[in-house]
1. Please work out if B:D44 is of a type outside the set (S, T, N, Q) and in contact with a strand residue (DSSP E or B) (Cβ under 9 Å, 6 or more places away or on another chain).
2. Looking at segment B:155-162, can you tell me whether even one residue there is on the phi < 0 side of the Ramachandran plot and in a loop (DSSP other than H, G, I, E, B)?
3. Can you pull out every residue in segment A:226-254 that is in contact with a Leu (Cβ under 9 Å, 6 or more places away or on another chain) and either of a type in the set (F, W, Y) or surrounded by fewer than 22 Cβ atoms within 10 Å (Cβ to Cβ) (or both)?
4. In segment A:71-92, which residues are in contact with a Pro (Cβ under 9 Å, 6 or more places away or on another chain) and more than 8 Å from every other protein chain (Cβ to nearest Cβ)?
5. Of all residues in segment B:157-204, which are touching a Gly at 6+ places or on another chain (Cβ under 6 Å), crowded, with 19+ Cβ neighbours inside 10 Å, among the hydrophobic types (A, V, I, L, M, F, W, C) and more than 10 Å from chain A (Cβ to nearest Cβ)?
6. Test of understanding: among A:S157, A:S87, which residue is of a type in the set (S, T, N, Q), within 29 Å of A:D73 (Cβ to Cβ) and within 26 Å of the chain's Cα centre (by Cα)?
7. Which residues, taken from segment A:294-323, are closer than 23 Å to A:E276 by Cα, at pLDDT below 90 and in a loop (DSSP other than H, G, I, E, B)?
8. Provide a single number: the residues in segment B:37-52 that are among the hydrophobic types (A, V, I, L, M, F, W, C) and loosely packed, with under 13 Cβ neighbours inside 10 Å.
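The values are calculated or read from the model by the stated rules, or taken from the named source; none is laboratory data. The structure presented is a predicted model; accordingly, all values stated were derived computationally and were not measured. Glycine gets a Cβ as well: all are built from the backbone with ideal geometry, and neighbour counts include every protein chain shown.
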Amino acid sequence: MTPLLSIQDLTVELSARDRTFDAVSDLSFTVARGEVLALVGESGSGKSMTALAIMRLLPEPVARISKGRILFDELDLAAASEASLRSIRGNRIGLIFQEPMTSLNPSMRVGPQVAEALRLHKGLDAAAARRRVEEIFEQVRIPDPKRRFDDYPHQMSGGMRQRVVIALALACDPDVLIADEPTTALDVTTQAQILETFRDLQAAVGAATILITHDLAVVAETADRVAVMYAGRIVEETTTERLFAAPQHPYTHGLLGSIPHIAEAGRATERGRLAEIPGTVPALWALPRGCAFAPRCPRARQRCEDERPPLSDMAPGHRAACWYPMKGAA
Amino acid sequence: MHEVTPARPARRRRGVNVFLWLGVSLLAVFALLALFGEVVAPHDPNAQDLFAMLEPPSAAHLLGTDNVGRDILSRIIVGTRYTLSIALASVLFAGIGGVALGAIAGYFGGVTDRVVTGIIDLLLTVPNIVLAIAIASVAGSSATGLTIAITASFIPPLARLVRGRVIELAQEDFVAASITVGMSHTRILLRHILPNAATVIIIELSLNAGQAVLIGSALGFLGLGVQPPAPEWGTMLGASREYLTMAPHLVIAPGIAISLLVLAFNAFGDGLRDVFDPGSSS
């Protein structure tokens, strides 16, 4: 599969008052048509910055792309003009926002909000756009789409609104879909339904999808491949199965260890509590010289403090940035 | 008898919006007078009767007559049109100008914002009376000059209000969402930001209309607006100043008319605020 979206050495620089630092450093990954790549990391790991950079929505001049290319269909989005971006956004790249409560215009009915995008990019007239929106509402499983078309956002529940947000992102059949924590703001049962809808539609549309999340359960259910980010860099990248079966980076290992397992609750560990990763994420402007994870890593040695490990192949299709990767099933 | 009333969610009862109804009904009366003044008026507002000068209220002249024997009630009724149209025109133009300036400054920010804010601050330094005098001395006193002077004094505060609201709204997720859908700035501003600022703008404008009546009357009183013999209320006040001790009804009648119209606009504005924004107290 040829990649549809290819990020190469992307670096996002932040300038805050007197200091300048990189929020995302030398990020490279690809996403193919129909594939779901999950970007996983803690707050501040740079995953949302990456999404904003791809959409070219960074709050300039505070944040800017200082290096790298974002290749989409032979066009470098990092250098594209505002006019060409406008014809791509919403039309060929859709973004699903995190907050369904605030990402819809409160003074506009939901149907026309979605129809607006269709009329803008596909040149549909009002009647055709309305029919198409009702179809999409049906697809995202909004009950009674004909009536819901004329609802205002405040007349809908959070889950319904998130379905509208998904409908908005998918309205023009985009080639690339970016979902920034699409279920974080919802309660758990709604989350499951929305994820299911999302997965079905993503498969139907065949969009290359970047799923940004901190929730490994969501990853396990949805993603084909996973890239784990730490302090602005990818530390490990492989298929979802391999990541859960044989994590190579100690950070990934720690993350997986911090998920509660109901099955294990019966034979609880001696302390009866979740494993956690000691320490906190280092400040991006005061990163250690070597591996950023070294201060928290149980396996760190002298070399980790001196030299930053490159992202290198551990096995075919499995990259990790660690001098002393985890052993085990590989 | 088994009559089951289905449980209804207790709807929070709000009292009748007295302000809004007071404002709407007063404004409706004034609007009708402005439209059909000549028909309703018992006398010709400009017909002089030198045998009935400065007459106190009577059956023939309900509000009495002025210094040349014109019927005051008729003059007030016909004069509604001047006051109301000056108020509405200045509010309309101030609305267009203030919203445009404020929206552009707030949305685009940066240099644009600084330039527009500079213009607004400059406008703020000119008192409306000075501007009215300047216009009157150049183009002669007229309703148009009056309207321009009032408009100019309303634009800066409105532009500031709109600018603040637009800056606030531009941070909202749904604005970012409309960018990700690929909309142009104009479209985002007109379709997604300004409609959400509409309530603030409408309330401010209806309160401004009351102000416009007051300023218009004051400038008319000073002889800077509509010229006699046109029955504009402020002008009528100014002309009857000399007869204050002999015939106080000459001053009281237009004074009450002005107060009622101001009250109507203010009550309307406060009522609207209660409707749109129940949290804040008026």
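1. yes
2. No - not one qualifying residue is present in segment B:155-162.
3. The answer is A:F244, and nothing else.
4. Passing the criteria: A:L71, A:R92.
5. B:L158, B:A159, B:V162, B:V166, B:I203
6. From the options A:S157, A:S87, the qualifying one is A:S87.
7. Those that are closer than 23 Å to A:E276 by Cα, at pLDDT below 90 and in a loop (DSSP other than H, G, I, E, B): A:C297, A:P298, A:R299, A:A300, A:R301.
8. Summing the residues that are among the hydrophobic types (A, V, I, L, M, F, W, C) and loosely packed, with under 13 Cβ neighbours inside 10 Å in segment B:37-52 gives 4.
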